[in-house]
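Visitor: If you scroll down you'll find the structure; I have some questions about it.
The values are calculated or read from the model by the stated rules, or taken from the named source; none is laboratory data. Because the structure is predicted, anything quoted here is derived from the model rather than measured. Cβ placement follows ideal geometry from the backbone for every residue including glycine, while neighbour counts extend to all protein chains displayed. Quick note on the areas: whole protein, heavy atoms, side chains included, nothing else; ligands and nucleic acids left out. Shrake-Rupley method; radii C 1.70, N 1.55, O 1.52, S 1.80 Å.
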Amino acid sequence: MLYGLNPVLEALRGNRPFDRICLCRDRRGGSIKEVLGLARAKGIEVRFSTREIIDNIAHGVAHQGVVAFVAAKQYSTLEDVLGIAKGKGENPFLILLDGIEDPRNLGALIRVAEAGGVHGIVLPERHSVGLTATVAKTSAGALDFMPVVKVKNLRHTIDSLKKSGLWVIGADNKAKKSLFDLDLDLPIALVIGSEGMGLRKGIVESCDFLLSIPMPGKTTSLNVSVSAGVIIYEVLRQKLSNKKRITN
């Protein structure tokens, strides 16, 4: 986190990756206009809050009504991620996250995604945790190797990925199709919902199809990173199985 007008301005003038900037609603002046202008030019989210909220965020540090959340890593682009898959001669495999707000869940998910061969993670700009220090720590180093993309609108991104030839699959525990019943050796964008609410209705409607994880026990839901891991490794299993069959 960065506190105060000058530190935030200096970071904006440089190449520091930002998650968002919080400004007191009562702040005015040319310097604040410069912050807003640079933030808009770089596509950085700006939130206006009361001074009380800013004080709570800053935990007693002098802030001048300006606090910025700086990402632990530079964000990538969708073109970067698709290029990585193409360079490896592999079907693209992306994870789109619809409202994951727990940094530990995101960190754990990044770790299992990197281990399982996912090419990139996509986060929405709003209603999602960014690449915080906690995310980096929980990923246990995997964040260094996993491209992460931040987008303004997840539905628009889904439409764009469809046009690029990817199948968009939503993870939904109410889905009738099991992941073990589907051919997943395809160009895939897997959409996973938030810890409590799951996928939003609009996102569900944008998916090509939905899948569920069979749970014959009494437990009816799994942690989001565990769910992701189960699906990621079924995708990997199918890819390796098909590759072995073609080779033989």
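Visitor: Hey, got the dipole for the chain? About the Cα centre, +1 on K and R Cβ, -1 on D and E Cβ, debye to the nearest 20? Could you put the intermediate results ahead of the total?
Guide: On the way: 34 positive and 25 negative charges, 43 e Å.
Here the chain has a charge dipole of around 200 debye.
Visitor: Continuing with this model, one more query. When DSSP assigns beta bridges and you keep just the ones with both residues in the range 1-151, what percent turn out antiparallel, to the nearest 5? Display every interim value, and only then the final one.
Guide: Values: 7 of 20 bridges.
Bridges in the range 1-151 are about 35 percent antiparallel.
Visitor: Label GLU125 and LEU36 with points 7 Å out from Cα along Cα→Cβ: what is the distance between them in nm?
Guide: About 1.6 nm, to one decimal.
Visitor: What full-extension length gain, to one decimal in nm, is calculated for THR77 and ASN173 as 0.36 nm per residue of separation minus the Cα-Cα distance? Mind showing how you got there, number by number?
Guide: Numbers: separation 96, 0.36 × 96 = 34.56 nm, distance 2.98 nm.
Value of the extension gain: 31.6 nm.
Visitor: Of all the accessible heavy-atom surface of the chain, with the other protein chains kept in place and a 1.4 Å probe, what percent is carbon and sulfur?
Guide: The computed percentage sits at 52.
Visitor: What number results when the radius of gyration of the range 17-115, computed over Cα atoms, is divided by 2.2 N^0.38 Å? Provide the component values of the computation, followed by the final result.
Guide: Values: Rg = 17.8 Å, N = 99, 2.2 N^0.38 = 12.6 Å.
Compared with the compact-globule rule of thumb, the range 17-115 sits at 1.41.
Visitor: Right, another one. Share of antiparallel DSSP beta bridges in the range 123-210, in percent to the nearest 5?
Guide: Values: 1 of 9 bridges.
The answer is about 10 percent antiparallel.
Visitor: Sort MET197, MET1, MET215, MET146 by accessible area with a 1.4 Å probe, largest first. The partial results should precede the final answer.
Guide: Working: MET197 165, MET1 100, MET215 60, MET146 0 Å².
Order by accessible area, largest first: MET197, MET1, MET215, MET146.
Visitor: Sticking with this structure for a sec: Restricting to Cα pairs below 8 Å that are 6+ residues apart, what does the relative contact order work out to for the range 159-248? Please round to a whole percent. Show your work: numbers first, answer last.
Guide: Values: 104 pairs, mean separation 31.4, N = 90.
Computed over the range 159-248, the figure is 35 percent.
Visitor: Using 1/(1 + (r/R0)^6) with R0 = 41 angstrom and r between the beta carbons of VAL230 and ARG27, what's the FRET efficiency to the nearest 0.05?
Guide: Numbers: r = 47 Å, r/R0 = 1.14.
Using R0 = 41 Å, I get an efficiency of 0.30.
Visitor: Between VAL61, VAL149, VAL235, find the one with the highest GNM mean-square fluctuation for the chain; connect C-alpha pairs within less than 10 Å.
Guide: Its mean-square fluctuation being the largest, the pick is VAL61.
Visitor: Taking θ as phi - 60°, what are the ³J(HN,Hα) couplings along the range 192-197 by the Karplus curve (6.51, -1.76, 1.60), each to the nearest whole Hz, with x for Gly and Pro?
Guide: After applying 6.51 cos²θ - 1.76 cosθ + 1.60, I find 10, x, 6, 4, x, 9 Hz.
Visitor: So what are the ³J(HN,Hα) numbers for the range 52-64, from phi and the Karplus equation (6.51, -1.76, 1.60; θ = phi - 60°), rounded to whole Hz, Gly and Pro as x?
Guide: Running phi through 6.51 cos²θ - 1.76 cosθ + 1.60 with θ = phi - 60° gives 4, 5, 4, 4, 5, 5, 7, 6, x, 6, 4, 10, 6 Hz.
Visitor: If amide hydrogens are placed 1.01 Å from N in the peptide plane, which non-local residues have theirs closer than 5 Å to the one on VAL46?
Guide: When sequence neighbours closer than 5 places are left aside, the close amide H contacts are ILE21.
Visitor: What residue among ILE57, ILE169, ILE21 has the largest mean-square fluctuation in a Gaussian network model of the chain, using Cα springs under 10 Å?
Guide: ILE57
Visitor: Let's see if you can work this out: charge +1 on each Lys and Arg Cβ, -1 on each Asp and Glu Cβ, no other charges. What is the dipole magnitude of the range 112-165 about its Cα centre, in debye to the nearest 20?
Guide: Details: 7 positive and 4 negative charges, 56 e Å.
So the dipole magnitude of the range 112-165 works out to roughly 260 debye.
Visitor: Now for a separate question. Please list the non-local residues whose amide H lies under 5 Å from the amide H of VAL151, H modeled 1.01 Å from N, same-chain partners needing a gap of 5 or more.
Guide: Counting only residues 5 or more places away or on other chains, the set is LEU123, GLU125.
Visitor: Between 0 and 90 degrees, rounded to the nearest ten: what's the tilt of helix 224-247 against the longest Cα principal axis of the chain?
Guide: 40 degrees
Visitor: Does anyone have the angle between helix 103-115 and the longest principal axis of the chain? Alpha-carbon axes, 0 to 90°, nearest 10?
Guide: For 103-115 against the chain, the angle is about 40 degrees.
Visitor: Whole angstrom only: what separates the Cα centroid of the range 122-179 from the Cα centroid of the range 191-248?
Guide: Here the answer is 13 Å between Cα centres.
Visitor: Follow-up. Under a 1.4 Å probe, what is the accessible area of the chain per residue, stated in Å²?
Guide: Values: 12990 Å² over 248 residues.
Roughly 52 Å² per residue, with all protein chains present.
Visitor: Explain nothing, just the number: dipole magnitude of the range 1-128 about its Cα centre with +1 on each Lys and Arg Cβ and -1 on each Asp and Glu Cβ, in debye rounded to the nearest 20.
Guide: Working: 17 positive and 15 negative charges, 78 e Å.
Charge dipole, the range 1-128, about its Cα centre: 380 debye, nearest 20.
Visitor: Once phi is turned into θ = phi - 60°, what whole-Hz ³J(HN,Hα) does the Karplus curve with 6.51, -1.76 and 1.60 give for every residue of the range 25-37, x standing for Gly and Pro?
Guide: 5, 8, 7, 9, x, x, 5, 5, 4, 5, 4, 5, x
Visitor: Sticking with this one: Using only Cα atoms, find the angle between the long axis of helix 78-88 and the longest principal axis of the chain, and express it within 0 to 90 degrees, rounded to the nearest 10.
Guide: 40 degrees
Visitor: State which entries of LYS73/LYS201; LYS86/LYS177; LYS174/LYS243; LYS152/LYS176; LYS88/LYS244; LYS86/LYS163 exceed 21 angstrom in Cα-Cα distance in the structure shown.
Guide: Details: LYS73/LYS201 31 Å; LYS86/LYS177 29 Å; LYS174/LYS243 31 Å; LYS152/LYS176 31 Å; LYS88/LYS244 17 Å; LYS86/LYS163 16 Å.
Flagged as over cut-off: LYS73/LYS201; LYS86/LYS177; LYS174/LYS243; LYS152/LYS176.
Visitor: Shifting gears a bit: On a full-extension model of 0.36 nm per residue, what is the gain between PHE145 and SER160, subtracting their alpha-carbon distance, rounded to one decimal in nm? Working shown, then result.
Guide: Details: separation 15, 0.36 × 15 = 5.40 nm, distance 2.43 nm.
Between PHE145 and SER160, full extension yields 3.0 nm more.
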